Structures are given as structure tokens and as C-alpha cells.
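Asker: The structure under discussion is supplied below as C-alpha cells; questions concerning it will follow.
Since every read-out is calculated from the coordinates, none of them should be taken as a lab result. As the structure is a prediction and not an experimental result, all values here were calculated from the model. All Cβ positions, glycine included, derive from the backbone under ideal geometry; neighbour counts span all protein chains shown.
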Amino acid sequence: MRIGGLQLFYFKNHEERHLQFCDGINCITGPNGSGKTNILDAVYYLANTKSFFNGIDQQLIKHGQEFFSIHGFFENETPTEILVNFGNSKKTLKKNGKVYRRLIDHIGIIQTVFITPYDISLILDGSEERRRFLDFTISQTDRPYLEQLSLYKKLLDQRNAFLKQAEGSHVDPVLLETFDDRMAEAGQRIFEKRRAFISAFTPYFQEFYVYLSGDAEHPTLLYVSELHEKPLKDLLYLSHNRDRVMQRTGSGIHKDDLEFLLSDYPLKKYGSQGQIKSYVIALKLAQYKYFLEKTGKKPILLLDDIFEKIDGNRAGKLMELVARDYFGQIIITDTHAEQVKDHLEGLTVEKKYFALEKTLNTNAAPAQNSSEDPA
């Protein structure tokens with residue numbers, strides 16, 4: 001899978017932008033505030049129907065405007081045109097001119113892997129970030145999983161609303177058990193899929209971590225879930241009294257987590273900055289390999305400000321990897337054009353360079369047209 005052309009209108013700080021990408025490595029350089037990362041986010045949006053950074057579409061509209069539009073031209077076995085428009089609180093997504101009735105039906109058509117400095121939140125933030133990583137990765141290649149996940153979230157919201165409405169008083173046990181039965185069926189399937197995923201995913205991750213770090217440490221991923229001990233239906237039944245008092249559902253797959261270990265020690269507590277960076281990049285590269293193995297298609301690899309955030313040794317290792325035929329199209333951003341060219345010097349893959357200029361007011365003034373310098 002590759003993207004040939006991208007058109008932006010009023011998306012974030014871009015008033016109007018047209019880009020044509022090559023099949024190999026595309027380098028977008030410019031000062032902070034010029035909109036480099038926003039271009040990567042636009043590609044991600046076309047693939048996943050939402051921004052990587054901001055779940056509120058209204059906040060993606062350029063200041064002073066009323067809508068945004070992203071238009072992408074993708075190539076795989078057949079050309080695919082994706083168009084998204086958002087305005088007046090309404091989102092429209094089209095594939096080859098046909099409007100999707102449900103946005104969920106678009107998930108999995110185009111795979112992207114986005115590596116950004118913000119990925120350290122996977123290690124340092126709460127369990128929600130790690131569940132999001134799990135669900136995003138599995139959903140890209142498993143439509144039934146995505147459907148079950150959507151159903152589970154809907155039932156969880158309904159069960160919580162039912163508990164809150166009761167305000168800690170008498171709760172109809174028959175109705176509560178009805179919620180339990182439906183949630184347990186969907187949740188148990190999700191649990192089994194997650195457990196199978198970690199088993200398949202871990203060897204890919206370990207392979208990339210060892211390559212990037214060159215260390216003898218042994219990285220491990222642990223899937224943490226109450227369902228390892230009891231079926232979800234039993235967990236929900238045993239938590240009835242607590243849930244009634246707390247007015248929310250305290251057990252289930254929405255509490256699952258991943259534990260990241262290095263030589264059997266928690267990475268979050270004992271890992272160095274370098275180890276954490278290697279760990280995160282290895283997770284994303286393993287995501288790439290997982291998509292490739294499942295679909296037979298190479299995802300689009302998006303690398304945001306990668307050379308600024310990792311040391312020279314890791315950057316060199318990463319470039320050695322992406323120069324292989326194993327990887328397909330790559331889009332890289334950086335603040336320093338010469339730095340990027342130095343890192344890419346000697347790589348035989350096709351390269352294309354884009355230079356962006358920062359406007360005086362990125363929220364109001366038109367973005368400058370990009371200059372292209374094919375390598």
C-alpha cells in the first residue's frame with residue numbers, strides 16, 4: 001500500500017496543500033510550526049477515520065474556517081481514492097466516490113504505522129493507552145474483533161447507565177444479569193483474541209528490540225487480565241454488590257493492561273530513556289510486521305521527528321532496517337534538512353524531499369506551498 005497524492009484544505013494549520021509522494025522514502029522538513037506532523041496525521045486520518053493526536057474533529061479545522069477536507073490517492077492492487085470532509089459537526093467519508101454508511105467499515109482497508117515521540121505514553125501513561133494499542137493493532141486485520149469491541153463498549157455504557165440510574169439502591173437482578181450475559185459473551189471473545197495476539201506479536205517485538213538495542217536484555221510483554229483467573233460472567237456476577245455501590249462496572253476486559261518487562265523488571269520503573277525509546281520503536285516495528293504477515297500488504301510507515309528524539313546509533317539501526325526491501329513507502333519529518341540527508345545518504349531506495357516554511361501565524365495565515373527536490 002502506498003499513497004501517491006495528498007490534498008489538504010483547512011486541515012489544522014494548512015490552508016491548502018498538494019503533495020505527490022514517491023514509492024520510497026519521503027522526507028518533509030521545516031521549522032517547528034510549519035505543519036510537518038500534521039501532514040503525517042492527515043495520512044493517518046485517511047486510513048483510520050480520525051486523528052492520531054486529537055479525537056475532536058472540530059478542533060482540526062483551521063482557525064477562522066468552517067470545515068476541513070483531506071483527499072488521498074492510494075495505490076495497491078487497484079487505485080483507491082479516499083476523501084473525508086468535516087463541517088457543521090458532520091463527517092463524510094468516501095471511498096472511490098461512494099459514501100460509507102458506517103465509518104467502522106473503512107477500518108483495515110489501509111494500514112499505517114505511526115512512530116512519534118509521543119509514543120512514550122505507551123510506557124509511562126495509564127492502561128487506556130496500552131489497551132488502545134492492543135485494540136488498534138488487532139482491529140486492523142480482524143473485523144469480527146472490531147465488531148465485538150464496538151458491541152462490548154456499547155453494552156458497558158448501557159450497564160453503567162443502568163447502575164448510575166439506580167443510585168446505589170435496589171437494582172433489578174434479572175436485568176443486571178441480562179447485561180452480564182451479553183457483555184460476557186463479547187468480552188470473552190475479545191479476551192481470547194487479545195491473548196492469541198500477544199502470543200503471535202511478542203516474537204516480532206523481541207526480534208526488533210534486540211536489533212535496535214544490541215543489548216543482552218530480554219524484553220517481555222505480559223497480557224494482564226482478570227479473565228486469566230475466571231470467566232467474565234463469573235467476574236461480573238461476583239462484582240454485583242461493589243458495582244451497585246460504585247455505580248459502574250469494575251470488572252471486565254475494559255480493565256485489561258499490558259506489562260512491559262526488561263530482564264523481568266518493569267520497564268516503567270527501571271528502564272533508562274534509551275531502553276524506553278528502543279522498546280517503543282520495537283513495538284511499532286512489530287506492529288508493522290504483524291500487519292504485513294496478516295495482510296500481505298506493506299503498511300505506510302510514518303516517522304515523526306525521529307532523528308531528534310533518538311541517539312545516532314539507534315537512528316542508524318532504524319535506517320538500516322527501513323532501507324531493506326521488507327519496508328515499503330515511508331514518510332519522515334524532521335526540522336533539519338541536512339540532518340535527514342546525512343542519515344539517508346548511501347541508501348539506494350528512491351527518495352524525495354519536501355521543504356515547508358513556517359508562516360507568521362499558523363492559525364490564520366495561508367501555509368506556503370511546499371518546494372520539492374527529488375533525490
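Asker: Given the Cα-Cα distance of ASP105 and GLU345 and 0.36 nm per residue of separation, how much length would full extension add, in nm? Write down the numbers at each step before the final one.
Answerer: Details: separation 240, 0.36 × 240 = 86.40 nm, distance 4.09 nm.
Fully extending the segment from ASP105 to GLU345 adds 82.3 nm.
Asker: If you average the alpha carbon positions of the range 208-237 and of the range 109-151, how far apart do those two centres end up, in angstrom?
Answerer: 15 Å
Asker: From the Cα trace of the range 185-255, what convex hull volume per residue do you get, rounded to a whole Å³?
Answerer: Numbers: hull volume 7.6 nm³, N = 71.
Here the figure is 107 Å³ per residue.
Asker: Report, in whole Å, the centroid distance computed from the Cα atoms of the range 1-51 and the range 240-265.
Answerer: For the range 1-51 versus the range 240-265, the Cα centre distance is 37 Å.
Asker: A further question follows. So for the chain, what are the equivalent ellipsoid semi-axes in whole Å, largest first, each being the square root of 5 times an eigenvalue of the Cα gyration tensor? List each step's numbers first, then the result.
Answerer: Details: eigenvalues 290, 142, 68 Å².
Sorted largest first and rounded, they come to 38, 27, 18 Å.
Asker: Within the chain, what's the longest run with no GluC sites (Glu not before Pro) in a DSSP loop and at most 16 other beta-carbon atoms within 10 Å? Give the range, please.
Answerer: Numbers: sites that count: GLU66, GLU77, GLU167, GLU229, GLU345, GLU350, GLU357.
Formally, the longest exposed-site-free interval is 230-344.
Asker: Among LYS50/LYS277; LYS193/LYS289; LYS317/LYS352; LYS233/LYS268; LYS36/LYS62, which pairs are too far apart, with a Cα-Cα distance over 27 Å? Numbers along the way, then the final one.
Answerer: Working: LYS50/LYS277 25 Å; LYS193/LYS289 18 Å; LYS317/LYS352 21 Å; LYS233/LYS268 32 Å; LYS36/LYS62 15 Å.
Checking Cα-Cα distances, LYS233/LYS268 exceed 27 Å.
Asker: Could you work out how far helix 273-295 tilts from the main Cα principal axis of the chain, as a 0 to 90 degree angle to the nearest 10?
Answerer: Computed tilt is about 80 degrees.
Asker: Could you work out how far apart the two model spin labels at GLN247 and LEU175 are, taking each label as a point 7 Å from the Cα in the direction of the beta carbon, and quote it in nm?
Answerer: Reported label-point gap for GLN247 and LEU175 is 1.6 nm.
Asker: Mind scanning LYS154/LYS294; LYS95/LYS164; LYS94/LYS164; LYS294/LYS341 and naming the pairs with a C-alpha gap bigger than 30 Å?
Answerer: Numbers: LYS154/LYS294 28 Å; LYS95/LYS164 41 Å; LYS94/LYS164 39 Å; LYS294/LYS341 33 Å.
Too far apart for the 30 Å limit: LYS95/LYS164; LYS94/LYS164; LYS294/LYS341.
Asker: How far, in degrees from 0 to 90, does helix 312-322 lean away from the longest principal axis of the Cα atoms of the chain, to the nearest 10?
Answerer: Computed tilt is about 90 degrees.
Asker: Expressed as an acute angle from 0 to 90° and rounded to the nearest 10, what is the orientation of the C-alpha long axis of helix 127-139 relative to the principal long axis of the chain?
Answerer: With both axes taken from Cα atoms, the answer is about 70 degrees.
Asker: Measuring from the lowest to the highest alpha carbon on each principal axis, how far does the range 236-323 reach, largest first, in angstroms?
Answerer: 57, 36, 25
Asker: Gain in length, LYS230 to PHE67, computed as 0.36 nm per residue apart minus the alpha-carbon separation, to one decimal in nm?
Answerer: Values: separation 163, 0.36 × 163 = 58.68 nm, distance 4.86 nm.
Extending this stretch completely gives an extra 53.8 nm.
Asker: In terms of modelled amide H atoms, which long-range or inter-chain residues lie less than 5 Å from the amide H of ILE28?
Answerer: ILE332, THR333, ASP334, PHE354
Asker: Follow-up question, since we're still on this one. Enumerate by residue number the trypsin sites (Lys or Arg not before Pro) in the range 82-148 meeting two conditions: DSSP loop (anything except H, G, I, E, B), and at most 16 other Cβ atoms within 10 Å of the site's Cβ.
Answerer: Details: sites: LYS90, LYS91, LYS94, LYS95, LYS98, ARG101, ARG102, ARG130, ARG131, ARG132; in loops: ARG101, ARG102.
Passing sites in the range 82-148 are ARG101, ARG102.
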